[in-house]
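Chemist: One structure, pasted below without further comment.
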Amino acid sequence: GVETEQELQRAIEIGARYVQGYLFAPAEPEFRPSDSFAGLIEKGLEQRRSRIILAERYWTSEAEKLRLIVEAAWEARAEGCPEEAEDTVIEQILPKLEASCIRVYMCREDGIQISSNYHRIMGEDWKREAAFRGLNWSWRPYFIPTSVELEGTMRAAVSRTYTDLDSFDRIRTISMPVGKRGLLFADLIDPEGES
């Protein structure tokens, strides 16, 4: 049932090995030679590859911008109560975050959340949710691989696109080491919504 190039892109995205439809030809009594539509398929594959490269460059750039903002806030934090240092840093960066950022929090490397959750309400105001402090997120499938990947680095990592369980938005998580014991996680809506 592939009738448009957009439907061909969706078929490629889900890993379809075989496709047919009016994009290629109407129903005919005989099969055409197997390479009859190679150019169309190659064009579709190249479009997807180009779009993925652009998206990855975009997210790499977004991660680096966020890393620099967080790093500056961490360096400038008040040497006050260590219990609140994480919330202080997050509160300093909130006004600088992209409108697509919906959630920010920090965890220790063992998965225990050491900050409040900061959740954007209606795309405008941030709500501080202190009840999340102390929860363990190491069970999440991305947590351990991300913490190992970032161990000993000063860079940020970007997750694949996934569906947020609260908002049902397609999001990506930018993760980065903060200080000696923390990992910051920022959830951003993916404008493309693709993996």
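The values are calculated or read from the model by the stated rules, or taken from the named source; none is laboratory data. If you're wondering where the values come from, they're calculated on a predicted model, not measured in any experiment. Heads up, the Cβs are rebuilt from the backbone with ideal geometry, glycines too, and the neighbour counts pull from every protein chain shown. Ligands, DNA and RNA are excluded from the accessible area calculation, which covers all protein heavy atoms including side chains. Shrake-Rupley method; radii C 1.70, N 1.55, O 1.52, S 1.80 Å.
Chemist: Tell me the relative contact order for the chain as a rounded percent, counting alpha carbon contacts under 8 Å between residues six or more apart.
Modeler: Numbers: 263 pairs, mean separation 31.3, N = 195.
Over the chain, the number comes to 16 percent.
Chemist: Let me ask something else about it. Just checking my list (i) 18.3; (ii) 13.4; (iii) 12.2 against mean projected area of the Cα convex hull in nm² computed from this structure; which label fits?
Modeler: The value computed from this structure is option (ii).
Chemist: Okay, moving on. How big is region 91-130 on each of its three principal axes, counting only the C-alpha atoms and giving the largest first in Å?
Modeler: Each principal axis gives a Cα extent; for region 91-130 these are 31, 17, 16 Å.
Chemist: Rounded, prolate or oblate: pick one for region 72-171, where a ≥ b ≥ c are the square roots of the eigenvalues of its C-alpha gyration tensor, a/c under 1.5 means rounded, and failing that, prolate if a/b is larger than b/c, else oblate.
Modeler: rounded
Chemist: Still on this structure: Give the Rg/Rh ratio for region 1-78, taking Rg as the radius of gyration of the Cα atoms and Rh as the Kirkwood radius, to two decimals.
Modeler: My calculation of the ratio gives 1.35.
Chemist: I would also like to ask the following. If you roll a 1.4 Å probe over region 40-144 with all protein chains in place, what percent of the accessible area is carbon or sulfur?
Modeler: 58 percent
Chemist: From the helices alone, meaning DSSP H stretches of at least four residues, give me the mean residue ellipticity at 222 nm for the chain, per-run term -39500 (n - 2.57), in deg cm²/dmol to the nearest 500. Don't skip to the end; give the middle numbers.
Modeler: On the way: 4 runs with 68 residues, N = 195.
After summing the helix terms and dividing by residue count, I get -11500 deg cm²/dmol.
Chemist: Another question about this same structure. Where in region 24-85 are there GluC sites (Glu not before Pro) that are in a DSSP coil and have at most 16 other Cβ atoms within 10 angstrom of their Cβ?
Modeler: Filter output for region 24-85: Glu30, Glu79.
Chemist: In square angstrom, what is the accessible area per residue of the chain with a 1.4 angstrom probe? Walk me through the numbers before you get to the answer.
Modeler: Details: 11880 Å² over 195 residues.
Accessible surface, normalised per residue, equals 61 Å².
Chemist: Arranged from highest to lowest average of other beta-carbon atoms within 10 Å per residue, in what order do the peptides 99-107, 129-137 appear?
Modeler: Descending packing order for the listed peptides: 99-107, 129-137.
Chemist: Now, a different point. Let me have the relative contact order for region 33-124, percent, based on Cα pairs under 8 Å that are six or more residues apart.
Modeler: Computed value for region 33-124: 18 percent relative contact order.
Chemist: Then there is this: Please report, in debye to the nearest 20, how large the charge dipole of the chain is about its Cα centre when each Lys and Arg carries +1 at its beta carbon and each Asp and Glu carries -1 there.
Modeler: Details: 25 positive and 35 negative charges, 58 e Å.
It comes to approximately 280 debye.
Chemist: Follow-up question, since we're still on this one. Could you work out how far helix 38-76 tilts from the main Cα principal axis of the chain, as a 0 to 90 degree angle to the nearest 10?
Modeler: Helix 38-76 and the main axis of the chain meet at about 10 degrees.
Chemist: In whole angstrom, note down how far apart the Cα centers of region 1-72 and region 140-195 are.
Modeler: 25 Å
Chemist: May I ask for the angle, rounded to the nearest 10°, between helix 82-93 and the longest principal axis of the chain, with both axes built from Cα atoms and the value confined to 0 to 90°?
Modeler: Approximately 50 degrees, to the nearest ten.
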